[in-house]
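Notes follow the structure.
Every number here is computed from the coordinates shown, using simple stated rules; none is lab data. Please read these numbers as outputs of a predicted model, since none were measured by experiment. Don't worry about glycine lacking a Cβ; one is built from the backbone with ideal geometry, like all the others, and counts go over all protein chains shown.
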Amino acid sequence: MTWVFDHAWMTGVFGDKAVAAHLSAEVQLAHMLRVEAAHSRSLGNECAARAIEAAQICPEDLTEGTAVDGLPVPELVRCLKAQISPELHGDIHRGLTSQDVMDTAFVLSLKDILPIFRQRLSALQEDLAQLAQTHGDAALMGRTRMQAALPITVADRIATWRMPLERHLDRLDEISARLLCVQCGGPVGLATGGAALAAPLGLAVPDKSWHAMRDGFGELASWLSLVSGSLGKMGMDISLMTQQGVDEMRLRGGGASSAMPHKQNPILAELLVTLSRYNAVQLGGMHQALIHEQERSGASWALEWMILPAMLHCTTRGLSAAQELLAQVETIGA
């Protein structure tokens with residue numbers, strides 16, 4: 001089976017077109033070319049920058065070279081030099097490393113993805129507020145350890161779904177400033193051209209190259225797991241509330257069973273739980289990727305490529321699924 005986020009039919013469950021577009025090979029290549037052009041321009045070579053911007057390179061051109069080199073940038077540079085006049089070669093990629101280009105390109109994707117999180121978190125907050133306004137006074141049985149405890153209201157339970165979202169938005173503001181930084185460290189992280197490269201890309205300049213300091217991406221992964229965890233709690237509650245015999249919530253739609261036509265499965269609620277658990281499992285891998293040897297690690301760095309995009313997918317899909325789920329609510333409470 002291919003990756004569930006772009007599988008022919010599994011993408012209908014797990015896929016999110018918005019984040020997929022920003023993480024596609026085509027967009028990543030465009031960002032890498034943008035970084036290379038901005039760097040040549042920062043060196044004072046406008047002709048080289050324009051030549052890079054005019055180069056015709058597609059993702060498939062990098063496949064074989066990436067298999068040999070373990071990353072796409074060496075082949076990208078070879079492709080650029082094959083298309084650009086030799087007199088301009090001296091200011092193509094001069095002083096950069098592959099990690100400078102790839103890290104900065106990924107940050108450019110994050111610059112476009114983080115506002116999607118903000119928009120969806122804010123929209124979900126509004127949906128929950130509307131749900132509380134419509135059904136909040138209805139009674140529910142409060143349950144502790146899945147046993148009946150004391151009466152509560154629907155508004156009480158919705159508050160436990162909504163309030164963490166406010167904190168996640170605050171955290172997003174905090175981590176964005178630390179994340180959206182250019183990477184321009186050169187061979188061992190000592191290069192000082194970050195300001196000239198950062199300005200045209202709309203990125204901040206870090207105190208030092210973060211080649212071997214990956215806590216920014218580790219913090220992002222933690223935030224993604226927290227968000228999906230909050231959504232998973234809501235999904236678990238709704239799965240239990242719609243259970244036959246409990247009947248505290250009724251949903252429109254739902255998933256059909258191939259063997260039991262009387263069933264209406266809470267697919268979206270279950271999906272929120274699945275995505276939450278997936279991200280929780282991946283978080284440990286991202287924290288393993290914090291461990292770099294000396295000034296750069298190939299192994300730990302490559303581990304990020306496998307894990308972080310999937311976590312971004314899970315979280316954006318969870319936010320859209322949560323909105324779709326709330327739109328299905330017909331009744332809630334007694």
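Relative to the Cα centre, the charge distribution of region 1-145, modelled as +1 at Lys and Arg Cβ and -1 at Asp and Glu Cβ, gives a dipole magnitude of about 480 debye.
Note the per residue figure in Å³ for the convex hull of the C-alpha positions in the chain. Don't jump to the answer; show the numbers that get you there.
Values: hull volume 49.7 nm³, N = 334.
Spelled out: Cα convex hull of the chain, divided by residues, is 149 Å³.
Electrostatic bookkeeping for Arg252 treats Lys and Arg as +1 and Asp and Glu as -1; over the other residues with beta carbon under 12 Å from its beta carbon, the sum is -1.
Here the extension length gained between Cys47 and Glu295 equals 86.0 nm, from 0.36 nm per residue of separation less the Cα-Cα distance.
Taking every alpha-carbon pair under 8 Å whose residues sit at least 6 apart, region 94-209 reaches a relative contact order of 30 percent. Rounded, prolate or oblate: pick one for region 284-334, where a ≥ b ≥ c are the square roots of the eigenvalues of its C-alpha gyration tensor, a/c under 1.5 means rounded, and failing that, prolate if a/b is larger than b/c, else oblate. The shape class here is prolate.
Around the amide H of Ala204, modelled in the peptide plane, lie the amide H atoms of Cys181, Val182, all under 5 Å away and 5 or more residues distant in sequence or on another chain. Of the peptides 169-178, 218-227, the ranking by mean beta-carbon count within 10 Å, highest at the top, reads 218-227, 169-178. Close amide-amide hydrogen proximity is noted between Val329 and Arg252, each under 5 Å apart and 5 or more residues distant or on a separate chain (H modeled in the peptide plane; Pro and chain starts excluded).
In this simple spin-label approximation, Gln83 and Ala21 carry label points 7 Å from Cα along the Cα→Cβ vector, and these lie 2.3 nm apart. Compared with the direct C-alpha span, the chain from Arg252 to Gln130 gains 42.2 nm at full extension, assuming 0.36 nm per residue. Within the straight-line cut-off of under 15 Å between alpha carbons, the aspartates and glutamates reachable from Lys233 are Asp156, Glu270, sequence neighbours fewer than 8 places apart in one chain being disregarded. When shorter helices are ignored and each DSSP H run of at least 4 residues is given -39500 (n - 2.57), the per-residue value for the chain at 222 nm works out to -21000 deg cm²/dmol.
Placing dummy labels 7 Å off each Cα toward the beta-carbon, the span from Gln243 to Arg145 is 1.6 nm.
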